[in-house]
Amino acid sequence: MEMDLNYILAKLRSDGYDYDATLGSIKSEKQAAQDAGDELYANQLWAAETIIKIHQQFVKTFELLKAGRYYEAWCEAEQVEINIQFLASNSQEGWGNVKDIYSRVRQLQSLYPYKFFASYVMHVKKEKCSICGKERSIHNFCGHRIGKVYNGELCCNIVTDAELKGIDIVENPVHKYSVLFPSDAEGRHDYYDYTLVEGLMKYWSKPFQFWKYVVRKVFKQKAEFPGLTNESYCPCGSGKSYSECCALNAEGIKHWIYTFMVEPID
Ligand SMILES: [Zn+2]
Ligand SMILES: [Zn+2]
């Protein structure tokens, strides 16, 4: 008798849902399907498991944001994004359950002030397949593709030997968690400006409440910024001095207006 996955998935957005309990029962069901060699069902259970994790991580992201723990929320949101990408490439059906979460995660990320990230340059000497355990190299393909699900398990590379070659500073990182923080004498400190995230959190009051924002560009005149000199940082936020930035722009100083739209809740 198979589990009623549709019934389970329909409940995931209820208040106080116990994700861990459901994940526990899916896990034992998946083990049984794997043991019985029922790959189709094991893969369906993998998709259900991933959908549940995405919901759980999304709720966690929301809670971290509410607590003002913005960097941790950013890392959690990255996990949501990664799981959604794996789900989408393995289960067309499953994607429908999380499509709206994906668009909110991408919007949330776009409200963050992070600009620079560390990128680790690694020389991988040895890696093996997580499905069959065979060593992999360009000459040696075991037949399992990374990111594809086999018998209920996601295929990935396990690096067994690697050397760190260096660290680059990049604007579009492979790993979003690798944010560079300016540091002071006491170590790492978070001086980023989270105004936009804080703006969203004034309105976003329940994890699965729908929201979005639109952004509109307007131009302001120099007179609207008392004390602005040619040497000041440009108020548009480019990081350049005013004389090298919007002073050269006939229309004025670029300014973005964010409008948050939130689904009413009762
Ligand atoms: Zn393999
Ligand atoms: Zn400017």
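The values are calculated or read from the model by the stated rules, or taken from the named source; none is laboratory data. A quick note: this is a predicted structure, and the numbers were derived from the prediction, not measured. Here Cβ is always computed from backbone atoms with ideal geometry, including for glycine, and neighbour counts include all displayed protein chains. Please note that ligands, DNA and RNA were not included when accessible areas were found on the heavy atoms of the full protein model with its side chains. Shrake-Rupley method; radii C 1.70, N 1.55, O 1.52, S 1.80 Å.
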| Scanning for something part of a helix (DSSP H, G or I), of a type in the set (F, W, Y) and modelled with pLDDT of 85 or more, does segment 108-118 turn up at least one residue? | no
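Look through K176, K212, K126 and report the one residue that is among the basic types (K, R), within 16 Å of ligand 1 (Cβ to nearest atom) and surrounded by 12 or more Cβ atoms within 10 Å (Cβ to Cβ). Walk me through it before giving the result.
Numbers: K176 fails: within 16 Å of ligand 1 (Cβ to nearest atom); K212 fails: within 16 Å of ligand 1 (Cβ to nearest atom).
Just one listed residue meets the conditions, K126.
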| message | Cβ-Cβ under 6 Å, sequence separation 6+ or interchain: first residue in segment 123-135 and under 11 Å from R145 (Cα atoms), partner assigned to a strand (DSSP E or B) and β-branched (V, I, T). Which pairs? | response | S130/I158
| task | Within segment 82-105, work out how many residues are in contact with a helix residue (DSSP H, G or I) (Cβ under 8 Å, 6 or more places away or on another chain), assigned to a helix (DSSP H, G or I), open to solvent by 10 Å² or more (accessible area, probe 1.4 Å) and in contact (Cβ under 8 Å) with a residue 24 or more places away in the chain. | result | 4
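Take the conditions over 24 Å from L9 (Cα atoms) and away from ligand 2 (no atom under 16 Å from the Cβ) and apply them to G96. Does it pass? Give the steps one after another, and end with the answer.
Numbers: over 24 Å from L9 (Cα atoms): no; away from ligand 2 (no atom under 16 Å from the Cβ): yes.
No.
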| field | Unique residue being assigned to a strand (DSSP E or B) and more than 26 Å from R106 (Cα to Cα) when the list is F219, F260 | value | F219
| Residue satisfying condition, being within 16 Å of ligand 2 (Cβ to nearest atom) and open to solvent by 90 Å² or more (accessible area, probe 1.4 Å), within set K254, K202, K217 | K217
| Residues being closer than 20 Å to V262 by Cα and of a type in the set (A, V, I, L, M) - total across segment 74-104 | 3
| Of all residues in segment 24-33, how many are closer than 20 Å to Y150 by Cβ and out of contact with any Leu (no Cβ under 9 Å at 6 or more places or on another chain)? | 3
| task | Would you please name the residue that is farthest from I84 (Cα to Cα), looking only at residues in segment 10-38 that are open to solvent by 80 Å² or more (accessible area, probe 1.4 Å) and assigned to a helix (DSSP H, G or I)? | result | D35
| message | What's the number of the only condition in (1) farther than 24 Å from V197 by Cβ; (2) open to solvent by less than 50 Å² (accessible area, probe 1.4 Å) that F62 fails to meet? | response | (1)
| remark: Counting only residues in segment 223-251 that are surrounded by 13 or more Cβ atoms within 10 Å (Cβ to Cβ) and in a helix (DSSP H, G or I), the one nearest to ligand 1 (Cβ to nearest atom) is identified as C246
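Are any residues in segment 121-156 assigned to a strand (DSSP E or B), within 23 Å of L45 (Cβ to Cβ) and not hydroxyl-bearing (S, T, Y), and if so, which ones? Steps first, answer last, please.
First, the residues of segment 121-156 that are assigned to a strand (DSSP E or B): 121-129, 135-137, 140, 149-150, 153-154.
Now narrow it down to the ones that are within 23 Å of L45 (Cβ to Cβ): 129, 149-150, 153-154.
Once the filter is applied, which keeps residues that are assigned to a strand (DSSP E or B), within 23 Å of L45 (Cβ to Cβ) and not hydroxyl-bearing (S, T, Y), segment 121-156 yields C129, V149, E153, L154.
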